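The values are calculated or read from the model by the stated rules, or taken from the named source; none is laboratory data. None of the values given here were measured: they were computed from a predicted structure. All Cβ positions, even for glycine, are placed from backbone atoms using ideal geometry, and neighbour counts span all protein chains on display. These accessible areas exclude ligands, DNA and RNA; they are computed on the full protein's heavy atoms, side chains included. Shrake-Rupley method; radii C 1.70, N 1.55, O 1.52, S 1.80 Å.
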Amino acid sequence: ELYLAQKVVRGLGSANIDHRLRRRDDRADHLAPLLPWLGLPIAELERVSAVLLIGCDIRQEQPLLAHRIRKAAGNGAAVALVNPLALDLTFPAAQLVASPAGMLAELAAIAKALNKRGSGTVKDLISAATPGETHRLVAEAMTEAGKGGAILLGALAEAHPDYGLLKALAHVIADATKARVGYLSSGANGLGACLAGAQPQSLPGGKPADAGGLSAAAMLAQPRKGYLVWGLEPGLDLGNPAQAAKALGQADLVVACTAFRSPSLEAVADVLLPIAAFAETSGTFVNAEGAWQGFRGAVAPPGEARPGWKVLRVLGNLLGLMGFGQTDSGELREELRAQCTDAKLDNAPRGDLKALPLSSQQPVAQGIWRVGTVPIYAVDPLVRRAQALQASPLAVPFGVWLSPADASGLG
């Protein structure tokens, strides 16, 4: 579906497609790796000697990888986290907790404990840092682990306004310790989306695009005349629902392809096209280590719903575009695979991330930041409607939580 979607938009002379919905540091996109992956085989994660997790609520974002890290910790691996909140973990770990802006200082302190200097803004951050005992212990553990160490960036890092600087500091630490840098996949098929070309700066197979498109956030901040909305609910899946409702509401045409009706979709969509849920269609996932995993539909889609790739194929044919003659999803998979023969999974930055400036979105001295974690049982329209999952303790209702001390201080 993602592969055909990018063929539709590029066939219409546009490169405006983005599979990622969370806000992030768009300034770093043109420098970021085109095919970000875990950085090591999944099975090897439980055999590492040290892990540094940056901006990651690992048990919510990647529970199976969290279990492998737990096994590594049980075997003596040192685990450290740099986050904007303390986590309830099932394994021992050093937790460096700071505001989102303070996360840069925590990483800079680890880099300084490693006697690294950096350049540009990174150099300034490291120079201003003051390492404490925990920073020195983390630096020592990562140094001792060497190539047996891993530095992983998660969803909280991706949503950070200075994501580029977090990545730059991660690479500074990795250069000093020989650790591998990896990215926790955004959703079940994040790497597959990158291979399909479903991001503004790349084409299928991880090839750079000559002209980059807009990110999802930019497409809403700079309203378009038309939108094709795929498998999401604007009121729940976007970082700024009010902005999304305004942008979609003033468009000339909004076509929503969805397996579920919802009030926020019906309020903005001119057309709802019913598509199959994932268990009702065939397709391919590419996991965080780059393994292609094909699947078939378990049941037929209900009513007039059709597999999403078939809907896109028909749209391509009606628009008179080339390359929409596929008869099954296997044919689509092999077409994309042929474009990925030279694809190389490489997390090295494509430019000088160290030269990135600080974001202008800095907090006031005593300000409050909203920290939005990944709610494991509310991440898509399907799990939100699963009654058994919503009855579990992890199905936290949407809301804002504040410590009693802060609430009292604010009156």
What are the pairs with Cβ atoms under 7 angstrom where one residue, in the stretch 322-343, is more than 16 Å from LEU203 (Cα to Cα) and the other, located anywhere, is basic (Lys, Arg)? Sequence gap at least six, or different chains. PHE324/ARG313; GLN326/ARG313
In the set ALA217, ALA170, ALA196, ALA211, which member is modelled with pLDDT of 90 or more and more than 22 Å from GLY294 (Cα to Cα)? ALA170
Could you tell me whether any residue of the stretch 385-408 is part of a helix (DSSP H, G or I) and under 22 Å from the mean Cα position of the chain (by Cα)? no
Need pairs with beta-carbon distance below 6 Å; first residue over 18 Å from GLY146 (Cα atoms) and within the stretch 163-186, second not hydrophobic (A, V, I, L, M, F, W, C) and not in a helix (DSSP H, G or I); sequence gap 6+ or separate chains. TYR163/ARG24; TYR163/ASP25; GLY164/ASP25; LEU166/HIS160; TYR183/PRO36; LEU184/GLN62; LEU184/GLY154; SER186/ARG20
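Every residue, every condition in (1) modelled with pLDDT of 95 or more; (2) open to solvent by 60 Å² or more (accessible area, probe 1.4 Å); (3) touching a strand residue (DSSP E or B) at 6+ places or on another chain (Cβ under 7 Å), yes or no:
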| site | (1), (2), (3) |
| --- | --- |
| GLY76 | yes, yes, no |
| ASP88 | no, yes, no |
| PHE91 | yes, no, yes |
| ALA113 | yes, no, no |
| THR121 | no, no, no |
| ALA128 | no, yes, no |
| GLU133 | yes, yes, no |
| LEU137 | yes, yes, yes |
In the stretch 383-397, what residues are touching a residue at least 60 places away in the same chain (Cβ under 8 Å) and either in contact with a Pro (Cβ under 9 Å, 6 or more places away or on another chain) or open to solvent by 50 Å² or more (accessible area, probe 1.4 Å) (or both)? ARG385, LEU394
So, ALA188, is that one open to solvent by 20 Å² or more (accessible area, probe 1.4 Å), over 22 Å from ASP380 (Cβ atoms), out of contact with any helix residue (DSSP H, G or I) (no Cβ under 8 Å at 6 or more places or on another chain) and not in a helix (DSSP H, G or I) or not? no
Of all residues making up the stretch 281-319, the number that are among the acidic types (Asp, Glu) and either in a strand (DSSP E or B) or surrounded by fewer than 18 Cβ atoms within 10 Å (Cβ to Cβ) (or both): 1
Of the residues in the stretch 228-244, how many are touching a Leu at 6+ places or on another chain (Cβ under 9 Å), open to solvent by 70 Å² or more (accessible area, probe 1.4 Å) and over 27 Å from TRP309 (Cα atoms)? 1
